[in-house]
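Structure first, commentary second.
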Amino acid sequence: PRIIELCDLRFDEGELSAYFTALDAQPSTFNPQLLQLLHQFEEAKNFGSLIQPCVDERAIADVRRAIETKDLGGQLFLRETHIKVLRVLEQAEALTQRYHVVVANPPYMGRAQMNATLGDFLQQNFPAGRSDIYAAFILRSLSLVHETGVVSLITAPNWMFIQAFEELRRTILDRYYLFALLQIGRGLWGPDFGSTTLIIQNVAAAERVGIFRRLFRKQGEVQTPAEIENNFGNIAEFPVFRATAEELRRLPGVPIAYWLSERFRAAYQNGVLLGAVADCRDGITTGCNEMFLRHWHEVALSRSNLNAPDRHSAQESQRRWFPCNKGGLFRKWYGNREYLINWEGDGAAIRGLVDPKGRPRASVRNADYYFRESVTWSDVSSSCLGVRYSQVGSISETAGPSLFASSSKLHSILAFLCSEVGWAYVKAINSTVHCKPGNIAALPWIDHPQDPDAQAIASQAIASARSDWDNFETSWDFRDQPMLRPGLKGGTLEASWRNWEAQSTAAIRRMQELETENNRLFIAAYGLDGELEPAVPDAQITLARAEARRDMAAFLSYAVGCMMGRYCSDHPGLILANAGDSLPEFLEKVGKPLAELTYAPDEDGIIPVLDGEWFEDDIVARTRDFLRATFGEATLRENLRFIEDSLGKDLRKYF
């Protein structure tokens, strides 16, 4: 064995001509192909062993023998050229050798981090591996083995699924034999991004069976090396899968989805791609979210338009802030409506943002779809896909892509994407934490007789999820405190909370029934009975659970909102939500004088928060007043005790 450190070797203009002349070399020795070879190592440190010499090993050896014995006499400058030429030939010879086996852990660098020279080199020489250096090294390794030789590599797993590596996957499956692949998951190298080992043979074998395994249960989980080793020995829980290249090529985008059954793949023959019945679109990239995005409660309601039907109406309204779908935590059916985007003047400020070189920083994609009714989802999702209905009025950001279809089709598609079947196909197409519009468009869509039932389920699920979302102040459609509503309000705050707890539990159980029935419909429609289970775990229901500490904190937050005039227990929804609003605006909105209100706001909007009761209108005193107004004097002590027991601390200390 020998180690060769590649180095940059450049030749000045005319240097080689003088060198050839001094050597009195034969024209056949220094032909144009050899001249090209001598220039291939000018960027050797940049390209490394990705360089593929344009002259074969035997021809290089012949040239070395022809010049090694040449006497250059006292020609000092030509001696330096002579050494450089021999060094090029030595490096080229090492890179033309062929091996029976190549074992490697290739280097990594995404295209965004490459310098322009390296990016152009990969585009020209390794187009199928241009997205990352490691992908190019997979192809380079295959060029280093003899026919039927074997390459064994450890790589990142993203080449198996994402669109940027589709050409690489096709190249491997079309030209080589993917003999074995082991998805290790995260943890072998610490908190990494996951790893995969693969063995590829340099022979085309579309019908030969490859063997595959996955050593983790849940995408994104981090395991210790010992756990991974134990999983490797546990065939029962981590079985061996078998698939041919021909089977793997059937799915759009050619993901290495080796675990899929024949019935699972049949959906692509029995249906159409979802992209044929719906438009899946990426959202806007503002170029500076800190400048152009706000939580909805950070800006004046008077500057916001929450229901613009189209771009023209949005511009005509002369408002600045509009709803923005920006992904968010895992939630299904409805919700995560938290952000607004500055789209004043049809996005004039966003479009006008440029970098120091005067280039636009924003990408205003698919503007014709802005404000339309849609289905949206969180781009980042490790455990399950959070897909939600979005009514008219929103703009999608890149972290919250959207799907658009006719109103009659939209609910059916939402039901599919929220089903276990939809999630199973998403994992097959793209088993990474990101879910792009192209991934959704590549799912199989089958029209089925139960479609009206699926639409009805979606409608009920949306209504339930929307009601749940609007129960909290984090929704701009929040109307009142649930524990003060007729039907839920009891004689004490604890009794009211118990009613709220019962209602929340019933809503979760009902949603569980809806989602289970939804799964049954799509499992039957896609012929996957026995492969997927319709039952939905309680943890996957994304409605709020009653939790005393959090619910008492929400109750106190509402009480403070009533103190400040943001809310009123006699009038639903937001009252004061604009900069500069004060008591006159409050009274105009509620339509009652202060004396007739169940609980009046503080007239100057100043609530002292101190370590002792120094003012008669401090926050604890006002909270007691709120409890008296809503539940009466007789239960005040009991209600205060329940709040403090739930919070785990004294009320003054809490504030």
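The values are calculated or read from the model by the stated rules, or taken from the named source; none is laboratory data. Owing to the predicted nature of the structure, the values given are computational and were not obtained by experimental measurement. Virtual Cβ from ideal backbone geometry, glycine too; neighbours counted across all protein chains shown. Accessible surface is based on the protein model in full, side chains and every heavy atom, while ligands, DNA and RNA are left aside. Shrake-Rupley method; radii C 1.70, N 1.55, O 1.52, S 1.80 Å.
See the values below:
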read-out: Yes/no for SER390 being within 28 Å of ALA546 (Cβ to Cβ) and either modelled with pLDDT of 95 or more or aliphatic (A, V, I, L, M) (or both); value: yes
read-out: Entirely in the stretch 545-655, the helices (runs of 4 or more DSSP H) that have 3 or more residues that are in contact with a helix residue (DSSP H, G or I) (Cβ under 7 Å, 6 or more places away or on another chain), at pLDDT 95 or above and closer than 21 Å to LEU301 by Cα; value: 548-563
read-out: Candidate set: the stretch 433-477, residues that are β-branched (Val, Ile, Thr) and more than 22 Å from the chain's Cα centre (by Cα); chosen: the one surrounded by the most Cβ atoms within 10 Å (Cβ to Cβ); value: ILE457
read-out: All positions within the stretch 194-228 that are touching a Gly at 6+ places or on another chain (Cβ under 8 Å), under 30 Å from HIS146 (Cβ atoms) and part of a strand (DSSP E or B); value: SER195, GLN201
read-out: Unique residue being at negative phi and open to solvent by less than 10 Å² (accessible area, probe 1.4 Å) when the list is VAL364, VAL375, VAL299, VAL354; value: VAL375
read-out: Where a residue in the stretch 570-596 is without any contact (Cβ under 8 Å) to a residue 40 or more places away in the chain and its partner, wherever it lies, is part of a loop (DSSP other than H, G, I, E, B) and among the charged types (D, E, K, R), with Cβ under 6 Å and at least six apart; value: LEU576/ARG566; LEU583/GLU603
read-out: Selection count, the stretch 203-260, where residues are without any contact (Cβ under 8 Å) to a residue 24 or more places away in the chain and charged (D, E, K, R); value: 5
read-out: Residues of the stretch 229-278 that turn out to be modelled with pLDDT of 90 or more, in a loop (DSSP other than H, G, I, E, B) and either of a type in the set (Gly, Ala, Ser) or over 21 Å from GLU166 (Cβ atoms) (or both), as a count; value: 13
read-out: Looking only at the stretch 409-432, and only at residues there that are under 24 Å from ALA367 (Cα atoms) and out of contact with any helix residue (DSSP H, G or I) (no Cβ under 8 Å at 6 or more places or on another chain), the one that is most open to solvent (accessible area, probe 1.4 Å); value: LYS409
read-out: One residue from LEU403, LEU329, LEU340 being surrounded by fewer than 19 Cβ atoms within 10 Å (Cβ to Cβ) and among the aliphatic types (A, V, I, L, M); value: LEU329
read-out: When residues of the stretch 382-393 are limited to those that are of a type in the set (Ser, Thr, Tyr) and open to solvent by 10 Å² or more (accessible area, probe 1.4 Å), the one nearest to ASN439 (Cα to Cα); value: SER382
read-out: Options PHE322, PHE330, PHE371; residue that is in contact with an Asp or Glu (Cβ under 6 Å, 6 or more places away or on another chain), closer than 30 Å to GLN460 by Cβ and of a type in the set (A, V, I, L, M, F, W, C); value: PHE371
read-out: Residue list for the stretch 264-287, restricted to those being open to solvent by less than 40 Å² (accessible area, probe 1.4 Å) and of a type in the set (Lys, Arg); value: ARG265
read-out: The stretch 513-534, subset more than 16 Å from ASP453 (Cα to Cα) and within 26 Å of the chain's Cα centre (by Cα), residue surrounded by the fewest Cβ atoms within 10 Å (Cβ to Cβ); value: GLU533
